[in-house]
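Written out below as structure tokens is the structure these notes cover.
No lab work stands behind these numbers, since they all come straight from the coordinates. These figures come from a predicted structure and were not determined experimentally. Glycine gets a Cβ as well: all are built from the backbone with ideal geometry, and neighbour counts include every protein chain shown.
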Amino acid sequence: MSNQITVVGNLTREPELRYTPTGAAVVKFGLAVNRFYTNRNGEKVEQTDFFTVNAWRQLAENVAETCKVGTRVIVSGRLQSRNWETEEGQKRTVVEIEADEVGPSLRWATAQVTKASRGGPGEWAAADTTSEAAPQEVHAAT
């Protein structure tokens, strides 16, 4: 059975970049995914689902540097559930997206991409720090 998900939505919270005790970067951000449909009465209805997205290592650093609230992105990854118990003894469960890929949606925006090159095991580094290539930017279309 496959556990893959791809969603397109807008960031609802600024990416929160942190580092694990071993130095691995992890970013967390909120994503709103809108869906429109027409109900039986012919009325147009909008439904919004909210997700928490986590990304790791170089992807985490790239997301934190590139994305901000309102940025429209495509996220591909897998669903991950976590369980815990509150101090009051209540059991809680959350389902989040563990991102494999995050990129700008070009439906209503343009992007300038700077290629990265492999820096080490599982890490990527800027391909050419002396070039005039700009970091990845997402510009909303007007």
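Could you give the nm distance between label points at E43 and R18, where each point is 7 Å from its Cα heading toward the beta carbon?
4.1
Quote to one decimal, in nm, the extra length available between K115 and R35 on full extension: 0.36 nm per residue of separation minus the C-alpha distance between them.
Taking 0.36 nm per residue and subtracting the Cα distance, the gain is 25.6 nm.
I'd like to know how region 1-67 sits against the 2.2 N^0.38 Å rule of thumb: what's its Cα Rg over that expected value?
After normalising by residue count via 2.2 N^0.38 Å, the value is 1.48.
Please compute P(r) over all alpha-carbon pairs of region 1-117, binned at 10 Å starting from zero, and give each bin as a whole-number percent.
12, 37, 32, 15, 4, 0
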